[in-house]
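Notes to accompany the following structure.
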Amino acid sequence: MTQFVSTHLAALQVVLALLAAPVCLLLRRPNAAWVVATAITWVLLGIALVLLEQVLEASTLIYTLGGWPAPWGIEYRIDLASAFMLVIITGIGSAVMPYAWASVEAEIPEERIYLFYCMYLLNIAGLLGIAITGDVFNLFVFLEISSLSSYVMISLGKDRRALTAAYRYLIMGTIGATFYIIGVGLMYMATGSLNMADLATLIPAIADSRTVLMSLAFITVGLGLKLALVPLHMWLPNAYTHAPSVVSVFLAGTGTKIAVYAMLRIVFTVFGGAGVFDGYGLGEMLSGLAVIAMIGASAVAIFQTNVKRLLAYSSLAQIGYIMIGIAMTSVLGMSAGIVHLFNHALIKAGLFMAMGCIFLRIGSVQIDDMKGLAKVMPVTMAAFVAGGFGLIGVPLTAGFISKWYLLQAAIEKGWWLAIAAILISSLLAIIYIWRVVETAYFQDRDENAPTISEAPWSMLIPMWTLIGVSFYFGIHATQTMDVAIGAAEALLGGIQ
Amino acid sequence: MDFFSDFPGLLNYWVVIVLMMIGFYIVIAHDNLVKKIVGLNIFQVSVFVFYITMAKIKGGTAPILAEGITTYSNPLPHVLILTAIVVGVAMTALGLALVVRIRDAYGTIEDDEIQAQESEDL
């Protein structure tokens, strides 16, 4: 039995969540569905940690589905980059579950709660599948599993604008996914293979053909839509703002991050050997867009009155940080991007959790309704401040570490514009975080405001866990950095 | 005449491009939410045709193991497209379900009218 489990760990990572989703559907009872979903996500976290340990010891793990050898069968290929993503997704997922208990009960009608957990598990299955698969078409299927379930989860929001946000995301997301399969089709036409490792050996010989270049273009734009790269980000602010709090937390922590990973996989593992990144200006294009995202989105965030929307725009800016690290195509730059992906997932999930706590108590996330909130909800607001420090990049926080390495990588490359953009964007972050802090700490509460209490412990503990972990990795930065450097080397293997 | 001996030649690929552009244009240009989904479907169908076309081999038959059959179409893209069709159906169903809910909430399925109502909400 243990032998069976240990040989099929890679498959179990995806299959468990896929099987548990219909179980939630059959149970129908909210509590039972919560228990199933929590148990499964925690088991998945355990599996992900075991896989990460195995990869650290033995380099790449390969698992052939159904025993069919690649390139005919689908293979799961776990290197350091994918193992790292598995840990991020399951880690955020496990922290969200205890938090979800009270938050979901308050925000989603009782008769729909079991459906929410069903969608949540499907979403996790899709995200994990993207991280683990070694087949480009299989990646498309998982991408759509995770996207379709996130449209449903967003539409569960109380506000009617959640429906239109979900609809617009569906339109944009489907266009993105369709672009992606057009790219895969062109790639298949030129090579006759769908296996990533196999493609990496076949593409260099025909790298200059127009078919391959078109395929790269379609895939870049398609995944750019999914990862909300400015100017393809229009769906994101509304989706994060109007989704239920738990969904915002989970999507902000994982949804766009996995699309970044997919882009890394395709551009570096599949096309990397062909050197197309430098040769055709993709690096310049991505870094230019990243600079616009960093400064533009941060500037827009300053003027938001809804704090969830403010955090959504801040997320767009953070995606800019990640992309610029990747666009540098140096080991240092890419590992800084990957570390920032991890750190930002923790910090932003923590900040959205603080918003969920506030929404639970005052029923609003408008900045004007938060006057003097620090006096009645000190624990929540302290978490917001601590997370805000991370976003700004104050020393001792995880945000500082990733920005520090990003700056070093930019200096190494001599990209002065990028350095300026990183610093300006951080200054803008101080302004938008300070606006919230100032309102909550230094303004008095309205006299006729209802008396409220601190959020329940079941929500405070997961929130502080994420914030605490982000501080932990701010101090013990070498642990994440070592993994990220390994992941970057695995991805850049084709280039250097 | 090359055209007749080659028929259909690249005709299918032209059809793909035309369908793709029609679908994409509808998604962008139309305000009606149902029409947008129709456009998205046309857009996806063009990709399905693209996959099926590239699987075809001149003079090839259906991919069945039988005596006397040596050239046959590549079955893999067919299978891929079966999966993509399922994904497309799920997308359509979900999109239409959302449109029904949007109509309940806003009383309209015209994007500009919805946006007008949303700016009042703020």
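The values are calculated or read from the model by the stated rules, or taken from the named source; none is laboratory data. Everything numeric in this text was worked out from a predicted model, so none of it was measured. With ideal geometry, Cβ positions are generated from the backbone for all residues, glycine too; neighbour counts draw on all protein chains shown.
Can you pull out the residues in the range A:52-87 that are surrounded by fewer than 23 Cβ atoms within 10 Å (Cβ to Cβ) and hydrophobic (A, V, I, L, M, F, W, C)?
Of everything in the range A:52-87, those that are surrounded by fewer than 23 Cβ atoms within 10 Å (Cβ to Cβ) and hydrophobic (A, V, I, L, M, F, W, C) turn out to be A:Leu52, A:Leu56, A:Ala58, A:Leu61, A:Ile62, A:Leu65, A:Trp68, A:Ala70, A:Trp72, A:Ile74, A:Val87.
The conditions are (1) within 13 Å of another protein chain (Cβ to nearest Cβ); (2) touching a Phe, Trp or Tyr at 6+ places or on another chain (Cβ under 6 Å), and A:Ser94 fails exactly one of them. Which is it?
(1)
For A:Gly493, all conditions in the list (1) at pLDDT 85 or above; (2) loosely packed, with under 15 Cβ neighbours inside 10 Å; (3) under 20 Å from A:Tyr261 (Cβ atoms) hold save one; what is the number of the exception?
Every condition holds for A:Gly493 apart from (1).
Kindly state which helices (runs of 4 or more DSSP H) lie completely within the range B:9-122 and contain at least 2 residues that are more than 9 Å from chain A (Cβ to nearest Cβ), in contact with a Pro (Cβ under 7 Å, 6 or more places away or on another chain) and more than 28 Å from A:Ile154 (Cα to Cα). Break it down stepwise before answering.
On the way: elements: B:11-29, B:33-55, B:75-106, B:111-121.
In the range B:9-122, the matching helices (runs of 4 or more DSSP H) lie at B:33-55.
With the requirement that a residue be free of Cβ contacts under 8 Å to residues at least 60 places away in the same chain and more than 18 Å from A:Val87 (Cα to Cα), what does the range A:1-31 give you?
A:Met1, A:Thr2, A:Gln3, A:Phe4, A:Val5, A:Thr7, A:Leu19, A:Val23, A:Leu26, A:Asn31
Can you find a residue in the range A:97-112 that is under 30 Å from B:Gly88 (Cβ atoms), in contact with a Ser or Thr (Cβ under 8 Å, 6 or more places away or on another chain) and part of a helix (DSSP H, G or I)?
For the range A:97-112, residues under 30 Å from B:Gly88 (Cβ atoms), in contact with a Ser or Thr (Cβ under 8 Å, 6 or more places away or on another chain) and part of a helix (DSSP H, G or I): absent.
This table checks each residue for (1) at pLDDT 95 or above; (2) in contact with a Leu (Cβ under 6 Å, 6 or more places away or on another chain); (3) of a type in the set (Gly, Ala, Ser).
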residue	(1), (2), (3)
A:Ile88	no, no, no
A:Glu105	no, no, no
A:Ile108	no, yes, no
A:Glu111	no, no, no
A:Leu115	no, no, no
A:Ile124	yes, no, no
A:Leu127	yes, no, no
A:Asp135	no, yes, no
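What are the residue pairs meeting all of these: first residue in the range A:57-80, first residue at positive phi, second residue at pLDDT 85 or above and among the β-branched types (Val, Ile, Thr), Cβ atoms under 9 Å, and 6 or more apart or on different chains?
Going by the 9 Å Cβ cut-off, the qualifying pairs are A:Gly66/A:Ile74.
Listed here are the residues, each with its yes/no results for (1) out of contact with any Gly (no Cβ under 7 Å at 6 or more places or on another chain); (2) within 14 Å of chain B (Cβ to nearest Cβ).
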position: A:Glu75; (1), (2): no, no
position: A:Met85; (1), (2): yes, no
position: A:Arg112; (1), (2): yes, yes
position: A:Ile124; (1), (2): no, no
position: A:Leu127; (1), (2): yes, no
position: A:Gly134; (1), (2): yes, no
position: A:Phe137; (1), (2): yes, yes
position: A:Phe142; (1), (2): no, yes
position: A:Met153; (1), (2): yes, yes
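For B:Thr70, work out the one condition from (1) free of Cβ contacts under 8 Å to residues at least 60 places away in the same chain; (2) under 15 Å from the mean Cα position of the chain (by Cα) it doesn't fulfil.
Just one mismatch for B:Thr70, condition (2).
Any chance you could count how many residues in the range A:36-79 are in a strand (DSSP E or B) and among the hydrophobic types (A, V, I, L, M, F, W, C)? So that I can check it myself, show each step before the final result.
Filtering the range A:36-79 down to residues in a strand (DSSP E or B) leaves A:61-64, A:75-78.
Next cut, among the hydrophobic types (A, V, I, L, M, F, W, C) only: A:61-62, A:78.
Going through the range A:36-79 one residue at a time, the tally reaches 3.
Restricting to the range A:157-174, and then to whatever is under 20 Å from B:Tyr25 (Cα atoms) and more than 7 Å from every other protein chain (Cβ to nearest Cβ), can you tell me which residue is farthest from the chain's Cα centre (by Cα)?
Initial filter on the range A:157-174 (under 20 Å from B:Tyr25 (Cα atoms)): A:167-174.
Still in the list and also more than 7 Å from every other protein chain (Cβ to nearest Cβ): A:168-169, A:172-173.
On the way: A:Arg168: 20, A:Tyr169: 16, A:Met172: 18, A:Gly173: 15 Å.
For the range A:157-174, the residue satisfying everything is A:Arg168.
Does A:Pro378 satisfy the criteria of being modelled with pLDDT under 90, over 22 Å from A:Ala290 (Cβ atoms) and surrounded by fewer than 16 Cβ atoms within 10 Å (Cβ to Cβ)? If you could, list the steps in order and put the result at the bottom.
Working: modelled with pLDDT under 90: no; over 22 Å from A:Ala290 (Cβ atoms): yes; surrounded by fewer than 16 Cβ atoms within 10 Å (Cβ to Cβ): yes.
Taking the combined requirement at face value, the residue does not satisfy it.
Would you pick out the residues in the range A:1-18 that are part of a helix (DSSP H, G or I) and out of contact with any helix residue (DSSP H, G or I) (no Cβ under 9 Å at 6 or more places or on another chain)?
Here is the first cut: in the range A:1-18, the ones part of a helix (DSSP H, G or I) are A:2-7, A:9-18.
Correct list: A:Thr2, A:Gln3, A:Phe4, A:Thr7.
For the range A:185-213, name all the residues that are away from chain B (no Cβ under 12 Å) and under 30 Å from A:Trp235 (Cα atoms).
Residues satisfying the conditions are A:Met196, A:Val212, A:Leu213.
Going residue by residue through the range A:318-333, is there one that turns out to be under 17 Å from the mean Cα position of the chain (by Cα) and within 25 Å of A:Val152 (Cβ to Cβ)? Don't jump to the end; show me each part of the working.
Step one: filter the range A:318-333 for residues under 17 Å from the mean Cα position of the chain (by Cα), giving A:318-326.
Within this subset, residues satisfying the condition of being within 25 Å of A:Val152 (Cβ to Cβ) are A:319.
Scanning the range A:318-333, I find at least one residue that is under 17 Å from the mean Cα position of the chain (by Cα) and within 25 Å of A:Val152 (Cβ to Cβ), so the answer is yes.
From A:Ile145, A:Ile130, which residue is surrounded by 21 or more Cβ atoms within 10 Å (Cβ to Cβ) and in contact with a Phe, Trp or Tyr (Cβ under 6 Å, 6 or more places away or on another chain)? Walk me through how you get there before you give the answer.
On the way: A:Ile145 fails: in contact with a Phe, Trp or Tyr (Cβ under 6 Å, 6 or more places away or on another chain).
Matching residue, one of A:Ile145, A:Ile130: A:Ile130.
Would you point out which residue out of A:Ile182, A:Ile219 is buried (at least 22 other Cβ atoms within 10 Å of the Cβ), touching a residue at least 40 places away in the same chain (Cβ under 8 Å), on the phi < 0 side of the Ramachandran plot and within 13 Å of chain B (Cβ to nearest Cβ)? Talk me through it step by step, then tell me what you get.
On the way: A:Ile219 fails: within 13 Å of chain B (Cβ to nearest Cβ).
Just a single option satisfies the conditions, and that option is A:Ile182.
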